[in-house]
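Enquirer: If you scroll down you'll find the structure; I have some questions about it.
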Amino acid sequence: MGNLLLVVEDEDNLRKMLTSFLQAEGFAILEARDGLQALALWQDAKPDLVILDIMLPGKSGLDVLKDIRAVDNTPVIMLTARVEEIDKLLGLELGADDYITKPFSPRELTARIKAVLRRAVNHPDRAAGLALGPLTLDVPRFEASIDSQPLALTATEFKILLMLAENPGQVFSRLQILERVYGDIYEGYERTIDTHINNLRRKLEAFPDLTWRIKTVYGVGYKLAE
């Protein structure tokens, strides 16, 4: 049996269609039709990936995502009928690994699932977290600290800092950071990376004893260096 997926969708016909298709693709499937049921199944079964609709009865998908991200980095792909840019960015900012807008083809969703699972498998060392001098990143909890003092980061800021800290001295372009952090190419969003970098810099500079800083390599991108 393949990876265990939790499909959270309140539209019965769509949920059953996705379940049938994904089972045919070799995945094991759990189903939930509301946010509270989704959290209960996630806590009990620990699926490899969650497919999560934003608009759910009882507890919204965004609130479910917040609860998951408070304690774990289980891959999450958001589903929504909304097309507004703010909804997409909000889901990603809260820590979603990818985002797909209805209507979509089951094959496109399957491709996204496989891509997100590959990225998760390619970073097995992350489970234990990462330390770089006094900087510590607890990946399962999405928590950062410097000399044991909490560093308050958004999910996106955490992912960017983790990427840079895993590769100290390596320069990454905006597009590379965007692809790694958001899980796919979101054309036109590259400049949002500058905002996240500026926020990260400000937060890191509040710790003067930290020698690691985010440097700009003009015309290329960013790196974490002493």
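The values are calculated or read from the model by the stated rules, or taken from the named source; none is laboratory data. Here the structure is a predicted model, which means the values were calculated and not measured. In this analysis, Cβ positions are derived from the backbone assuming ideal geometry, glycine residues included, and neighbour counts consider all displayed protein chains.
Enquirer: So which residues in region 1-42 are in contact (Cβ under 8 Å) with a residue 60 or more places away in the chain, farther than 19 Å from residue 68 by Cα and not in a helix (DSSP H, G or I)?
Expert: 25, 27
Enquirer: Mind checking which residues of region 50-75 are under 16 Å from residue 106 (Cα atoms) and not acidic (Asp, Glu)?
Expert: Scanning region 50-75 gives 50, 51, 52.
Enquirer: Follow-up question, since we're still on this one. Residue 83 - would you say it is modelled with pLDDT of 90 or more and touching a strand residue (DSSP E or B) at 6+ places or on another chain (Cβ under 8 Å)?
Expert: no
Enquirer: Could you identify the single residue in 32, 111, 45, 24 that is surrounded by fewer than 14 Cβ atoms within 10 Å (Cβ to Cβ), over 25 Å from residue 138 (Cβ atoms) and under 21 Å from the mean Cα position of the chain (by Cα)?
Expert: None of the other options fit; the residue is 111.
Enquirer: Which condition breaks for residue 89 when tested against (1) surrounded by fewer than 19 Cβ atoms within 10 Å (Cβ to Cβ); (2) closer than 20 Å to residue 159 by Cβ; (3) modelled with pLDDT of 90 or more?
Expert: (3)
Enquirer: Before we move on, is residue 7 modelled with pLDDT under 95 and in contact with a strand residue (DSSP E or B) (Cβ under 9 Å, 6 or more places away or on another chain)?
Expert: It is false that residue 7 is modelled with pLDDT under 95 and in contact with a strand residue (DSSP E or B) (Cβ under 9 Å, 6 or more places away or on another chain).
Enquirer: Starting from region 48-70, keep only residues that are outside the structural domain of residue 26 (by TED's automatic domain parsing), then list their pairs with residues that are assigned to a strand (DSSP E or B) and at pLDDT 90 or above whose Cβ atoms are within a distance under 8 Å, requiring at least 6 positions of separation or different chains.
Expert: The qualifying pairs do not exist here.
Enquirer: Cβ-Cβ distance below 8 Å, separation of 6 or more or different chains: which pairs start in region 149-175 with a residue that is over 24 Å from residue 66 (Cβ atoms) and end on one that is among the β-branched types (Val, Ile, Thr)?
Expert: As it stands, the answer is 164/214; 171/217; 171/220; 173/220; 174/193; 175/185, since those pairs meet every condition given.
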